[in-house]
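Engineer: For reference, the structure I am asking about is given below.
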2 protein chains.
Amino acid sequence: MEKHLADLSIKGLALTEPAVLSRAAKALMTTEQEHIAGYDGDRLAAILDLYVKTGIQVHSPGYMGRQFSSTVPLAGVIDFVSSVVNQPSSFYEAGQLPNVVEKIMADELNRFIGWPPDSFAMVTTSGGSLANLTAMLAARNDKFPGFWSEGSAALPGQARPAIAVGDDVHYSVSRTAGVMGIGEAQIVRLPLNGAQQIDMNRVRPALDAAERRGLRVFCLVASAGTTSVGAFDRIDRLAEVARERDIWLHVDGAHGASLLVSDQLRHRLRGIEQADSLTWDAHKMMFTPAPCTLLFYREKDKSRRAFRQVASYVFDEEPDVYTAMDSGGKTIECTKRPMIMPLWVLWAMYGRALFAEKIDYLCRLTRDVHRILLSEPDFETTHFPESNILCFRYRPGWVRDEDVHRLQVTIRDRIKLQGTFFISKVDIDGVAALRVVMMNHLITEEHFRMLLAEIRAVGLELSGDRQHVGGLR
Amino acid sequence: MEKHLADLSIKGLALTEPAVLSRAAKALMTTEQEHIAGYDGDRLAAILDLYVKTGIQVHSPGYMGRQFSSTVPLAGVIDFVSSVVNQPSSFYEAGQLPNVVEKIMADELNRFIGWPPDSFAMVTTSGGSLANLTAMLAARNDKFPGFWSEGSAALPGQARPAIAVGDDVHYSVSRTAGVMGIGEAQIVRLPLNGAQQIDMNRVRPALDAAERRGLRVFCLVASAGTTSVGAFDRIDRLAEVARERDIWLHVDGAHGASLLVSDQLRHRLRGIEQADSLTWDAHKMMFTPAPCTLLFYREKDKSRRAFRQVASYVFDEEPDVYTAMDSGGKTIECTKRPMIMPLWVLWAMYGRALFAEKIDYLCRLTRDVHRILLSEPDFETTHFPESNILCFRYRPGWVRDEDVHRLQVTIRDRIKLQGTFFISKVDIDGVAALRVVMMNHLITEEHFRMLLAEIRAVGLELSGDRQHVGGLR
């Protein structure tokens with residue numbers, strides 16, 4: 001493990017065919033199915049080696065691909081302890097420290113949100129998608145109290161419930177309408193401006209149009225920032241609209257809420273204190289092992305709206321000071337990993353600065369590499385980076401407009417296969433773009449320049465290979 | 001850690017007031033909020049000590065309270081590695097070995113279910129509640145294809161969708177109707193027999209009655225076993241009913257599916273190969289850290305019914321041998337912990353026997369302590385234990401019928417406070433019962449006899465204390 005972490009060479013991904021890897025894994029399994037095999041240290045070492053080697057190399061400067069990150073190794077130690085003591089954190093009696101610590105971390109982070117202490121609530125849940133679903137359930141049940149027991153049959157003749165989202169919202173948000181019986185067709189997609197944010201000039205007209213179509217928008221979801229490009233919607237201005245129309249404002253800050261801990265970057269979430277709920281993934285920009293998602297509610301009572309349940313085996317009939325700490329009634333999970341522990345321990349050991357300094361560096365680096373791209377005529381950028389996500393296209397003179405999309409996809413695939421860098425891609429306005437997410441403070445401008453050189457080398461190969469350029473389409 | 005695990009003394013729970021514990025935790029946090037504090041080994045040791053000490057003592061023979069368990073410590077080592085290499089397992093490229101291993105474990109466990117290889121599917125998800133929701137979404141979308149995009153408005157004039165469950169089903173199942181827009185009022189509760197199983201003589205009449213009320217039952221949920229008493233519904237006979245009426249049969253085997261790996265106990269799930277879906281928590285009777293839930297579908301294609309999504313940043317337009325392994329489209333999670341790894345490593349290292357022998361022992365122990373209770377005139381049992389859960393009541397001569405409920409609750413509370421044993425309680429037919437769940441192979445009949453002695457001692461105190469007996473009501 002130590003050797004693995006000490007290896008700082010630039011590595012992307014060594015993709016192995018599933019069938020080949022499957023054979024390798026099976027070869028490591030004991031064949032004594034019917035009797036307990038003895039402990040075999042060599043076997044374990046071989047398993048761990050295979051596990052580490054075939055993974056995405058999150059701690060290498062070659063990894064620029066996605067929003068999960070290398071973690072502070074101490075977090076792994078905490079997870080080891082959590083797995084051995086196995087204290088589920090949905091109920092106080094089962095995991096006392098995790099429950100207390102959730103409250104402490106909520107207070108610590110609320111310093112950057114700004115709600116009055118004791119008026120808000122926070123629960124942890126298994127990932128941003130689940131947090132978004134939970135918050136939107138609370139919104140649905142808050143605005144349509146009969147929906148829980150009757151479904152949409154509770155609303156005969158009324159306008160149909162609908163949810164407004166930015167056109168580039170994370171798929172987990174739009175999917176929620178399908179999950180919770182609103183119907184995905186009742187997603188109102190708000191148009192974006194050039195910066196890929198919800199276009200504030202077109203929000204009210206879009207909501208008016210939805211109303212004319214017989215929809216009642218009860219929930220508005222802002223992204224902070226978007227998955228594709230890291231764009232931050234204008235929370236303060238969306239909050240105004242939400243207030244005017246009695247709409248629940250949910251902020252999907254899975255990626256970007258962590259910017260709140262940075263004095264330099266907090267302003268991207270201006271108005272966050274007016275949101276009704278906020279999803280915050282600590283396993284993204286707080287660099288903890290996944291999952292560690294925090295779901296905040298501005299009003300404490302609203303956190304009880306998402307679910308209703310009766311179960312005498314876990315819920316006591318006479319609440320006391322202990323059961324008042326239970327969160328089981330507010331999350332989908334009954335048994336839940338004490339996911340707050342790695343985050344809290346890092347915070348307790350190192351304080352806010354560990355996070356703020358790293359976030360500041362990564363966002364600065366992303367602005368710097370954006371500047372590099374502006375001076376390279378064979379590249380185009382699609383947006384100014386508001387956080388640590390940057391999308392761009394390789395667009396040399398020889399490529400025809402209609403081949404630009406295919407070229408990016410081919411380049412991404414080739415880069416991935418070469419195994420030095422790992423980057424991702426995303427479609428922007430229907431055309432693929434290359435995408436880097438800077439999650440590792442070991443990455444420097446120099447690494448990015450190496451990536452550009454590799455992209456150009458791939459491009460050169462492709463341009464020289466007539467057959468391939470033809471095949472691009 | 002080693003010292004903690006070596007301590008096999010009989011310990012229940014040392015409950016600390018949240019405010020007190022909160023002060024202790026805060027005292028361990030660095031006050032240098034603004035600068036990165038150095039690594040402080042003493043601080044870390046104190047944090048870990050507090051974490052371990054205040055937890056539920058799952059590895060002590062005094063812990064008989066709930067369905068999560070002590071884990072094989074090796075599982076903790078794997079979780080340490082998982083947290084450091086941080087490979088999310090929803091997409092093959094991010095976590096190659098976890099993805100391959102999910103398929104291997106699915107095949108290994110399917111040997112005990114019995115589906116043709118390659119015709120079924122398995123996904124991992126964060127807990128049994130989420131697995132139940134996911135399966136029931138697949139059922140809803142399978143039986144009402146328009147529901148995803150239109151909600152229940154897709155069914156004007158038709159019978160209303162409804163879900164039939166045993167009256168003692170886990171709360172996550174009945175809650176699902178409220179979550180997914182079916183409406184909790186459309187839960188049809190099937191009456192139980194004396195063994196707390198769904199009463200097969202009353203299933204068809206109950207479904208007929210539901211139909212007359214304008215309901216269309218599209219999903220039937222069997223428990224294997226129930227949370228309260230570990231009762232196993234008759235899957236084979238429920239499957240017959242489901243087939244007759246074109247109903248999706250989901251089996252909530254969160255607790256009991258693990259009995260499939262035991263040759264002695266597999267028969268409790270007779271007919272499981274006829275289920276459409278099955279929830280299986282490895283973090284219960286497979287003794288892995290929570291969560292590790294496996295959701296099986298009999299038909300592979302049906303596993304794609306739960307969700308629909310489009311997202312160019314993670315889903316590729318041209319599927320290949322790698323992306324064919326992706327499970328992100330079949331689970332609520334986008335970033336997902338490689339929760340299969342501890343289970344697979346234990347299985348790879350020790351084979352099935354480790355699990356089967358432990359499960360056999362725990363269920364035999366539970367039958368043995370049931371036999372003990374039968375010969376104790378001041379105790380009554382509420383059921384024959386089909387697995388490792390047993391409920392019973394302390395019922396000495398002096399207690400009035402109307403005080404029986406309150407007596408059990410008081411005894412549970414006192415036992416918990418004394419801190420030697422940790423047991424739980426559940427209401428059965430409206431009257432509280434004491435509940436033990438045998439999850440630890442270090443527990444013997446002797447420990448159970450000690451528990452009975454402690455219950456009697458508490459009872460004696462209460463009977464001697466007139467005020468308290470009066471206060472029982």
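Taken together, the values in this text are just the output of simple stated rules run on the coordinates, not laboratory data. What you see is a predicted model; the values in this text were computed from it and never measured. Reconstructed Cβ throughout: ideal geometry from the backbone, glycine too, with neighbour counts over all protein chains shown.
Engineer: Under a 5 Å amide H to amide H cut-off, with H placed in plane at 1.01 Å, what residues pair with residue A:247 once short-range neighbours are removed?
Structural biologist: none
Engineer: I'd like the Karplus ³J(HN,Hα) series for region A:433-439: coefficients 6.51, -1.76, 1.60, θ = phi - 60°, whole numbers in Hz, and an x wherever there's a Gly or Pro.
Structural biologist: 9, 6, 9, 10, 10, 8, 10
Engineer: Right, here's the next one. Check which residues have an amide H placed less than 5 Å from residue B:190's amide H, if you skip close sequence neighbours.
Structural biologist: B:165, B:166, B:167
Engineer: If you line up the Cα atoms of region B:347-405 on their principal axes, what length do they span on each, largest first, in Å?
Structural biologist: Sorted largest first, the three principal extents are 55, 21, 14 Å.
Engineer: So, one more: Find the percent of Cα-Cα distances in region A:209-293 that exceed 16 Å, and round it to a whole number. Don't jump to the answer; show the numbers that get you there.
Structural biologist: Values: 1920 of 3570 pairs.
Of the Cα pairs, 54 percent sit more than 16 Å apart.
Engineer: For each of B:3, B:425, count neighbouring Cβ atoms within 10 Å of the residue's Cβ, then give the residues from fewest to most. Walk me through the numbers on the way to the answer.
Structural biologist: Numbers: B:3 7, B:425 23.
The most exposed by this proxy come first: B:3, B:425.
Engineer: When each copy gets a label point 7 Å from Cα toward the beta-carbon at residue B:319, what are the spacings between them in nm, shortest first?
Structural biologist: Its label point is 4.7 nm from the equivalent points in the other copies.
Engineer: Could you state the number of Å between the C-alpha centres of region A:38-63 and region B:122-166?
Structural biologist: Each part reduced to its Cα centre gives a spacing of 39 Å.
Engineer: Using a Förster distance of 25 angstrom, determine the FRET efficiency expected from the C-beta separation of residue B:320 and residue A:460, and round it to 0.05.
Structural biologist: Values: r = 25 Å, r/R0 = 1.00.
For residue B:320 and residue A:460, the calculated efficiency is 0.50.
Engineer: Continuing with the same structure: Once you sort the root eigenvalues of the Cα gyration tensor of region B:125-250 as a ≥ b ≥ c, which label holds: rounded (a/c under 1.5), prolate (a/b larger than b/c) or oblate (the other case)?
Structural biologist: On the way: a/c = 1.91, a/b = 1.30, b/c = 1.47.
Oblate.
Engineer: Now for a different question. Based on the Cβ-Cβ distance from residue B:263 to residue A:431, what FRET efficiency comes out when R0 is 45 Å, to the nearest 0.05?
Structural biologist: Details: r = 59 Å, r/R0 = 1.30.
So, using R0 = 45 Å, E works out to roughly 0.15.
Engineer: Can you work out the Karplus-derived ³J(HN,Hα) for every residue in region B:85-101? Use 6.51 cos²θ - 1.76 cosθ + 1.60 with θ = phi - 60°, whole Hz, and x for glycine or proline.
Structural biologist: Karplus-based 3J(HN,Hα) across region B:85-101 equals 7, 6, 9, x, 9, 7, 10, 4, 5, 7, x, 5, 5, x, 5, 5, 5 Hz.
Engineer: Evaluate the Debye formula for region B:353-471 with equal point scatterers sitting on the alpha carbons, no solvent, and hand back log10 of I(q)/I(0) at q = 0.18, 0.20 Å⁻¹, in q order, two decimals.
Structural biologist: -0.92, -1.12
Engineer: Find every distance from the label point of residue B:374 to the corresponding label point in the other copies (7 Å from Cα along Cα→Cβ) and write them in nm, one decimal, shortest first.
Structural biologist: Counterpart label points of residue B:374 in the remaining copies fall at 8.4 nm.
Engineer: Same structure again: Taking the axis about which chain B rotates onto chain A, which residue of B lies nearest it as judged by Cβ position, and how many whole Å separate them?
Structural biologist: Output: B:181, 1.
Engineer: Can you give the Rg and Dmax of region A:1-61 based on its C-alpha atoms, in angstrom?
Structural biologist: 14.4, 45
Engineer: If you average the alpha carbon positions of region B:302-379 and of region B:82-102, how far apart do those two centres end up, in angstrom?
Structural biologist: So the separation of the two Cα centres works out to 16 Å.
Engineer: With Kirkwood's inverse mean 1/r over C-alpha pairs for Rh, give me the Rg to Rh ratio of chain A, two decimals please.
Structural biologist: Taking Rh as the inverse mean 1/r over Cα pairs, Rg/Rh reads 0.99.
Engineer: Turning to a different aspect of this structure: What percent of all Cα-Cα pairs in region B:84-350 falls into each 10 Å bin, going from 0 up to the bin containing the maximum distance?
Structural biologist: 7, 31, 35, 20, 6, 0
Engineer: Bin width 10 Å, alpha-carbon pairs only: give the P(r) of the protein assembly as shown as whole percents, running from 0 to the bin holding the largest distance.
Structural biologist: Cα pair-distance distribution for the protein assembly as shown, in percent: 2, 12, 21, 25, 21, 12, 4, 1, 0, 0.
Engineer: Averaged over peptide B:227-238, how many Cβ atoms belonging to another chain are found within 10 Å of each residue's Cβ? Don't jump to the answer; show the numbers that get you there.
Structural biologist: Details: counts 5, 3, 1, 0, 0, 0, 0, 0, 0, 0, 0, 0.
Mean shielding count: 1.
Engineer: Between residue A:118 and residue B:414, what is the spin-label point distance in nm, taking each point 7 Å from the Cα along the Cα→C-beta axis?
Structural biologist: Spacing of the two 7 Å Cα→Cβ label points: 3.6 nm.
Engineer: So, one more: What do you get when you divide the Cα radius of gyration of region A:195-258 by 2.2 N^0.38 Å, with N the number of residues? Display every interim value, and only then the final one.
Structural biologist: Numbers: Rg = 12.1 Å, N = 64, 2.2 N^0.38 = 10.7 Å.
Normalised Cα radius of gyration, region A:195-258: 1.13.
Engineer: Moving on to the next point. Helix-only mean residue ellipticity at 222 nm, chain A, DSSP H runs n ≥ 4 weighted -39,500 (n - 2.57), per residue, nearest 500. What is it? Numbers along the way, then the final one.
Structural biologist: Numbers: 16 runs with 186 residues, N = 473.
It lands at -12000 deg cm²/dmol.
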